Structures are given as structure tokens and as C-alpha cells.
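Here's the structure we're looking at; comments come further down.
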Amino acid sequence: MERRRRYTFSLNNLSLGLQNCFQQTGHIEDLNESILLNQEALSLRPVDHSLHASSLNNLIESRVLLLHPVGHPQCASSLNHLSSGLQDHFQQTGHIEDLNESILLNQKALPLCLIGHPQCASLLNNLGLSLWNHFQQKSYQEDLNECVSVSKQASEDIYSPVSDCLKAVKNWVQFTRPHPDLAQSNLDAYILGLSLISHSLSMMPFISLQYQHLSSTINLPEFASDAASQAIRLGQLALAVAIIEQGWGLLWSELRGLRMPMDRLKALEPLLADEMAISDPFGHRLSEKLHLLRAQELKSAAKYGPVIVVNCSKYRSDVLIVLEQDLPVLIPMVKGFYEEVETLVQRFTEARSGMKTSPKRYNHDLWDLVVSPVVSKLRELHIPEQSQIFWCPTSLLSTLPLHAAGPIAPSTKKFLPDLYISSYTPTLTALILPCLLVAGQYDSSLRNTKEEMNEITVTSLEEASATTKDAVEKALVDHEWLHIASHGTLVPTAPFSSYFLLAGGSHFTLLDIICLNLHNATFAFLSACHTAEQFPGSVHNESVVGTMWEMADVDGPEMVKDFYSYIFSDEHLSRCNEVGVQARALSEAIKKMRGRNGVTLERWVNFVHIGA
């Protein structure tokens, strides 16, 4: 038995030697003999033999080389596929021999990939994964160093498909995140990943394709939040703000054409613009410089009040308060914050879908968990009460009513609106960038729509025949303000298909609004259900009033009356487009709403202001 075992090992070793000889000399006789030896070794190792798979792999490799010898354009690809198969087999069986063979095959294939080979990143990805798995088994530091190195090389290969480069970035992130000594390398991977995503989006001609691409390729919001958490860990707070801005605002920025043009960059930083003009197509090496430049520019978003960026990541969660004249102020959140937010979101969701209410104690939990530490810091920074603050939440927090957190203590009826006037912003950029159009779709199921429309003094579109999709689109181009009183429907699986219901049953979708390219729009009052459940950062309006969930129909007319009474008063009419006026008008309308008998918390919490 021992003699037979040694004989099969000798056959395998001789076969591998002949394969190597063939790769050096190209003599087909060596390869043919290698195949025969592998066939004999395989016959001596039945299916249940522990080394059967090894012999089979050697045979397959020899036949692959016969079909695609060295010099054949598919040789590297064939070796890569075989290596992937061995990796899969290792995952199933745990045989370390499969992993070793996979690494060897990739190392053989790499020299065959000349500069410009489109599968270079794919080969490097497979090698990186094999080395990572080997590191997991053996804890060899050289395996970790090499898998990080090849992943970095793959992610920067400009000749490979962007999808392969993004896979490499995700591997690079995975390999380095657990190791504190590789934290800077990990951050570099995140920054490069955002650059690649931006590049890939710019090549997508349609909005729907951009959204599908993001959904299928990477969880961009989570990726950006995790990246920011690493920047915060390294003490790079301004960079963290810029990363969140790019990650969370990337799709909207593409839609609105908000990428920094070269002439603007040249005016700000001429040397950097010249460097970028001659750099590689993705601008990989310049990503961090651009982020830091962007971080300086983003401070201007806090011109009208502090911007409170809440970053929620499974690694760590923090609040960054962006100020116009100073560096961002850090408030680390408590350990377990991410899990507590998940629980809170689940409870809010269950409450809304079941009872259609938001229980008071959840609002108080939100105060304790997030808002109370922020208010304490605002007071420490001498931000006066009743001034405007801007919330920029990420991840799951974007679905929670931060603006209405409270009560601030069990013995009081005070909530956050009694301390500060809250607005939301989907991105900081949205804060850096006057006639009134009213569209009311009269519907028997919305009994108070006509009453609501009558509260507004200037009305362009009144009757059902006038509120068709074509009529509304044409009128929107000529007006800076928009008020819609209609049914609103959110489509979570396809957010660009979320719509307002207009006359004749036509759908006025978010995509329709985006395509109108309304760069002159300044204000929108979206008096419909769910209009702010996902921040309407693409609607192009500088200021938006909307609702977080289903609205009680009876609330529309009173809210509109109080809101526009403030706006059109002698004191405020001349400056109705000034920053903060609409936010303060909503704040005053909500105060009156809270004072009415029978108005429960979930009704006034529903209304939010977004933008400046």
C-alpha cells in the first residue's frame, strides 16, 4: 500500500515537471506524456481517495494547456477558471491542497497577462482570495501582505472592467478592515472604491441604469458610512464629511450634474487641475486630494446654521457637526448604537404599518440615543435656541423623525422643536447651490383638497382638467414655487417610480420631475403622503415641505393656512425666498397644530422641512 502511494506521488511529481518543461520549451511531447501520467495516477486513486481531486485537477490542467498552450490568448483565462474551481472545491472540502494548487495556478497565469490584458484584475482577484483563505488557515503574515498587495494592484488596473476593479476594492476592504495596522490602507481602498463607482456611473446613459448598477454592484450608502467611520477612527474628520457627502450624494449628484467641472477646479486649485488632466482616467491617485479640497468647500454648507451629520456604521457611529469657520466637531455615539438604531427603526416601522402611529416612548428613545448628546454639544458651542439646524442623517437614521425627538424629560412636554428649528438635507451640497404654482387633483377620496387649495391665494391650476401631467409639466418650467395636493405613492423597490396621482389617473413620477431639470425651482410644498419618506434631493428645489408617512386628510387645510399666513404676512412676504423663512413658517404652523385639541403626536411629527 505504501509502495503504491509513493508511486502515485512520483507520477504526479513527474507530470508536474513535464508540464513546467512544456511551459518553458513548448514541446508538445512533454505535455502529452504529462497527460498520460496523470491519467495513470488518477486510475490508482478512486473517487473516495483523499487525493483523487488533486490528481483530477492535474489532469484537467494538463488538458487545458493542450488546448490553450503558452502563447495562446486564452491560456491565462483557462488557468484562472481552473484556479477558481479549486477555490470552490476548497470551500466545500477544506482541503488545503486545493488552495495551494489554486495559488500556484494563478501565479503561473499572471506572467501571461501582458500590460493591457482585460482579465488581469480577475486573475489578481482570484489570487488575492486564495491567499486570504490561506492566511485564514495558517496566519502567515506574508499571505496577508501579498493578498492586500494584489488586491490593490487589481483595483488600480485601468485596462480591466470596472466591475472587476470594484470586486478587488471590496476584497481589499475585507482583508484590511480587521487589522488596525492596515487602517490607512483600508481607508485608501474605500476612497478608491468611491472613485470607481463615480466613474462607472458616469458611463451609464440612463438614470434607471445608474440606479440598477448601484443596487447590483455595491451597497453604496453602507460602503460610504463604513469608509467615513474609518476616517473618523484615524482622526480625519473633514475627510470623513467629504466621504459621506460623495457616497450619499453620488447618485443625486450625477442626476443633477453636480460633479466639479475642470474649469471650476482650475480656478480653485490650478496645480491640482493640471495634475488631474494628465493623470489616469479614474483619477485614482488624486481621489484623496479632491476629497480634502471638497471638505474645505463643504464648510460653506453651514453658513446658515450647523449641519449635523449622523454617520451610522456597524463598525462605529458618530455625529459630526459641520461649522462654517471651524473643523467638524466630533460626538462619538455609544457602543451598540448601530444595533439600537436597527431596533428603533424596526419598532417605528411596525408601529406605522400596524397602528399607523409612532408611540411616544420611541420618540423619547430617539432623544436619549441621538438628539440629547447633540443638543448638549450645540449649547456648548453657543448655538442659540430657536435658530435653524440642519440634520444630515445616514443609513437607517434617515427614516426616523429626529426633528421631533422628545419629550426631553418625562416631566415635561418639551420636544426638540421647542429648542431648535430643524431642517433636513440629503447632502451638504444641497445647501450650497418668485411666483407660485399650485396643482390640486380633486378626488372624492381626498375630501379636503379643494378647501386646502382655497387657502392659497395664487392658483394657476385649479380644475381637474388643468391638472393633467402635460399641463403641470409645462407650468413647472415657468414657476419657482410648487404646491401639490394629491395622492402620493412611494415605490420602495423603484424609488424613481414614486409618483403623485394627477387628473385622469396619470402618474407624475420622481423621474419625470428629474427630467424637467428645474434648476430655477426654489420651493415645493408636497401635501401628499410619503413625500419626504425618502429625501427628495433630486426634485431640484432649494426648500421642500413634505410628509414622512400617511397624512390625515383633515390636517392639510389647517397646515396650509397657517404656513402660508406666515409666509405671506407683511413682515415676511418680501423675503419669502430667504433661507430659513419656510422652515420657520413650518415651525410656527406645527406649534399651532400641537396646540389644537385632539392632535396626536404622530400627526404633527409627520411634517418635515428639507433644504435651506
Inset, instruction - With a point put 7 Å past each Cα toward its Cβ, work out how far residue 297 is from residue 163 in nm, to one decimal. - result: 3.2
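How do the peptides 215-221, 394-400, 500-506 rank, highest first, by the average count of neighbouring beta carbon atoms within 10 Å per residue?
Packing proxy ranking, top to bottom: 394-400, 500-506, 215-221.
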Legend entry - Other-chain or far-sequence residues with amide H under 5 Å of residue 525's (modelled H): 482, 483, 484, 545
Inset, instruction - For the range 117-156, just say rounded, prolate or oblate: build the C-alpha gyration tensor, square-root its eigenvalues into a ≥ b ≥ c, call rounded for a/c under 1.5, and beyond that prolate if a/b exceeds b/c, oblate if not. - result: prolate
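Using 1/(1 + (r/R0)^6) with R0 = 25 angstrom and r between the beta carbons of residue 387 and residue 572, what's the FRET efficiency to the nearest 0.05? Don't skip to the answer; put the middle values down first.
Values: r = 17 Å, r/R0 = 0.68.
After rounding, the FRET efficiency stands at 0.90.
Over 17 Å, how big is the tail of the calculated P(r) for the range 303-424, in percent of all Cα pairs? Kindly include the intermediate steps, with their values, before the conclusion.
Numbers: 4069 of 7381 pairs.
Of all Cα-Cα pairs in the range 303-424, 55 percent lie more than 17 Å apart.
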Legend entry - Over 31 Å (Cα to Cα) - which of 303/414; 299/474; 335/592; 469/591; 299/360 fall in this group: 299/474; 335/592; 469/591; 299/360
Legend entry - Sorted by Cβ density within 10 Å, fewest first, the residues 403, 199: 199, 403
Legend entry - Positive-end residue, the range 303-424 charge dipole about Cα centroid, Cβ charges, pick of 386, 319, 331: 386
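Rule-based calculations on the coordinates, nothing more; no lab input. Since this is a predicted model, take the numbers as computed values, not measurements. No Cβ is skipped: glycine too gets one built from the backbone with ideal geometry, and neighbour counts run over all protein chains shown.
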